[in-house]
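Q: Take a look at this one; I'll ask things after.
Taken together, the values in this text are just the output of simple stated rules run on the coordinates, not laboratory data. Source: prediction; values computed, not measured. Cβ placement follows ideal geometry from the backbone for every residue including glycine, while neighbour counts extend to all protein chains displayed.
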Amino acid sequence: MEDVRHMHELPYVAHFVNNKRALMKFPNIEIRSFEICICDGKSKLFQDIVSRILRHIKNNTEIRIDNCEKHLRSYTEENKSEISQLVKQDFISVTGPDRLRILKWLADQTKEKKNDIDEMLNEEFGGDSQLDPTIINVGQDSENRTYWYFDDLRLYRQKSGQSKGSGDWQCLATSCSTWEEVIGNFSQSTDDQEQDLHAYLSNQLYPAIKPLLETQSPEPAVITNKDLLAAEAWEMEGNRSSQTPATSEAPPTPTADQSELIKSENPELLKVLSEEPYAGKNNSAQINGEFSKYRIF
């Protein structure tokens, strides 16, 4: 799972799923559960996301979890995509990294402009947005590597000057101990950027997210195939009838996503996320020549 965790496609796809949840009815899912399911060949979460994207692109409600393989193969061949090589094998045999690459490619097909990770960060998070401000461009270190906070309680580092996500995109912190280790690495720095970075992490961001890190369950609740299939069946039944019968039950609700936990359990974190990052002179990081502000999902 470590290879998946350090791919730029992970935050890219996670952003897409969260941002398009209302449009494509993706399940609510936290990042830990997401990466587990993506790496598990038996989980149908990958097929669920594929089928929902294809239903949107093709406007074909007959595309389902259990038949999306053939539709995806046909679609990649129509587009003469190199991804077609990855979908020739049965889905159960596709590796976690290749699943992320497929999902990233599919996500791009829903956009007029095919984004790489830098363009995504700049385009989606760089300007005014109606979305919740739950991502922060934290700052840069002495090597001009950019640090990002997503709404998944993780800290990421992006290597400077890389295009199309091909460089060093690393998940640095996922727990209290790893956050504190990263922060400690900058405690004695004399570099202006790293001093700003250390001040913001230690005085504002980490104190706000620490309570969530301390109270999250040791193991994430993983969405089951039964729940995914039941949710799909309920949705398809709704599409076939103009009115939902009064006795119909709502589809099963998977694990609450991290953004909802942030909103409901830690108002202090929302306060931090709504403020400008630490007011150091080098705190804002440049992406493709544009200064990025904090925004996400």
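Q: Modelled label-to-label distance, Lys111 and Asp98, 7 Å Cα→beta-carbon offset: nm?
A: Simple spin-label model gives 2.5 nm for this pair.
Q: Let me ask something additional. Using only alpha carbon positions, build the gyration tensor of segment 168-213, then give the equivalent ellipsoid semi-axes as the square roots of 5 times its eigenvalues, largest first, whole angstrom.
A: Gyration-tensor ellipsoid for segment 168-213: 18, 13, 9 Å.
Q: Using 0.36 nm times the number of residues separating Glu62 and Lys226, minus their current alpha carbon distance, what extension gain do you get?
A: 57.1 nm is the gain from fully extending Glu62 to Lys226.
Q: Turning to a different aspect of this structure: Using a 7 Å offset from the Cα along the Cα-to-Cβ direction at both Thr215 and Trp234, what is the distance between the two label points in nm, to one decimal?
A: Output for this residue pair reads 2.6 nm.
Q: Cross-link list Lys104/Lys210; Lys20/Lys159; Lys44/Lys104; Lys44/Lys210: which exceed 22 angstrom alpha carbon to alpha carbon?
A: Over 22 Å apart, Cα to Cα: Lys104/Lys210; Lys20/Lys159; Lys44/Lys210.
Q: Compute the distance from the alpha-carbon center of segment 184-218 to that of segment 52-75, in whole Å.
A: Segment 184-218 and segment 52-75 have Cα centres separated by 43 Å.
Q: At 7 Å along the Cα-to-beta-carbon direction for both Glu180 and Asp90, put a label point, then send me their distance in nm to one decimal.
A: Between Glu180 and Asp90, the simple spin-label model gives 4.7 nm.
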